[in-house]
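Notes follow once the structure below has been shown.
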């Protein structure tokens, strides 16, 4: 069944890639096992079914991703730098994935969540919880930027949700069209939502956020 020590991790890594590059429904247990190099009997040793595997995989991926967000949104980083830095981090990640798979893949949580939202309530809640955690990072940066006088946002939580909805929409359009150029809208569009004018895609006032990462 493959080494017990890593078979479970390989299954979680395999399903994460498959539901992102294909879809949840089209990713069969046979495909997952083949990609992971794990026998089907071993799959059921660890998991009752595909949904349970995906839930475990989401937790695994979040734990791996969270330290990167912690670094990008560190309180030691100026708040506008955090917001712009995260956008540039997302774009760089999408570029790497397109180079590997040939497609712009967008946000895996949005893709999975929109597919399973009417099919599996446990998975839907798991996706929503992780997405909510992500918005909290953005909310904190917006709140700090408002306190610093960089922007004026009376309700950082609401604004963070609006910004994230815009970003997910752009990511989805880039996935549908398979065009990286669409992602160029992320930075100026986000700044405009935050009340900053577009001047060649930058805020109208000087800001440390514009220094290259």
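So the values come out like this:
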quantity: Rounded tilt (10° steps) of 79-101 against the dominant C-alpha axis of the chain; calculated: 40 degrees
quantity: Cα-projected label distance for residue 22 with residue 103, points at 7 Å along beta-carbon direction, nm; calculated: 1.1 nm
quantity: 0 to 90° range, to nearest 10: angle between helix 121-147 axis and the chain longest Cα axis; calculated: 20 degrees
quantity: Least to most buried among 25, 144 (fewest other Cβ within 10 Å first); calculated: 25, 144
quantity: Tensor-based shape of region 73-210 (alpha-carbon gyration tensor, a/c under 1.5 rounded, otherwise prolate or oblate); calculated: oblate
quantity: Ranking of 163, 153 by count of other Cβ atoms within 10 Å, fewest first; calculated: 153, 163
quantity: Largest-first principal axis extents, alpha carbons of region 126-171, Å; calculated: 34, 20, 13
quantity: Projected label distance in nm at residue 44 and residue 30, using a 7 Å step from Cα toward the beta-carbon; calculated: 1.5 nm
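A short reminder: the numbers here are calculations on the coordinates, not readings from a lab. Model, not experiment: these values are computed from the prediction. Backbone-built Cβ (ideal geometry, glycine too); neighbour counts: all protein chains shown.
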